[in-house]
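Working notes, structure below.
All of the numbers you see were taken from the coordinates with simple rules; none came from a lab. The structure displayed is predicted, hence computed values, not measured ones. For neighbour counting, all protein chains shown are included, and Cβ atoms are generated from backbone atoms with ideal geometry for every residue, glycine included.
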Amino acid sequence: MKNMAAVLVGLLLVLGVVSHSQAGAFQGVKVQDIKIGGGFLWNDKVNDPLDTAGGGLHASVDFTLLPQIVLTPFYEFSRRNSTTTTLIGGEFHYNIPVGKDRGKDRRKEQGMFYVGPGFGVADAAGATEFHINGIGGFKYNLTDRVGFFVQGKYTWAADDLLNGVTAHSGLCFR
């Protein structure tokens, strides 16, 4: 558990440095949101699926590439009984704005649906494989700086290491 916490802190520090960088390859790419939350993973390809269902953690950063396209590196951790599952990767989100807030003489989206594909590395009980996933979610801005999100995804990893559903919710920080 301490190793996973160290990996999470390291990932957040790297993402924080990248988000403040405005030079070189990152010029024009902007951080849209930092998402921190919790949820669960249910792996449906094992003999007893409930043995690998577990509560966990989600952390990700949304980088706006184009007005409707976002690149989202993510880290997810889940644990139940003796099974630990970690997903690390990236996703491309297509954003669909919902509602407008006309406060302070500007237009911005109140909420946003997003869908898209993802990829990365899955580690379950010590075995590591490449994974792909499909994601769908919703973000809602409570203020200019804070919002919340809910999302679900289906993940497939090679050799049936992980074929499962994850669901997460939490806070977004702009």
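For the stretch 30-173, the Cα-based Rg and Dmax, in that order, read 16.0, 57 Å. Applying 1/(1 + (r/R0)^6) with r as the Cβ-Cβ distance of LEU142 and VAL121 and R0 = 41 angstrom yields a FRET efficiency of 0.80.
Rounded to the nearest whole Hz, the Karplus-based 3J(HN,Hα) values (6.51 cos²θ - 1.76 cosθ + 1.60, θ = phi - 60°) of the stretch 136-146 follow the sequence x, x, 9, 10, 9, 7, 7, 9, 5, 10, 10, with x at glycine and proline.
3J(HN,Hα) along the stretch 151-164: 8, x, 8, 10, 10, 10, 10, 4, 6, 6, 4, 8, 10, x Hz, from the Karplus curve 6.51 cos²θ - 1.76 cosθ + 1.60 with θ = phi - 60°, whole Hz, x for Gly and Pro. Here the dipole of the stretch 30-173 is about 880 debye; that uses its Cα centre as origin and unit charges on the Cβ of Lys and Arg (positive) and Asp and Glu (negative). When you count the other C-beta atoms within 10 angstrom of each residue and take the mean per peptide, 57-65, 79-87 line up highest first as 57-65, 79-87.
What the phi angles of the stretch 126-132 give under the Karplus curve with 6.51, -1.76 and 1.60, with θ = phi - 60°, is a coupling list of x, 9, 10, 8, 5, 9, 10 Hz, glycine and proline written as x.
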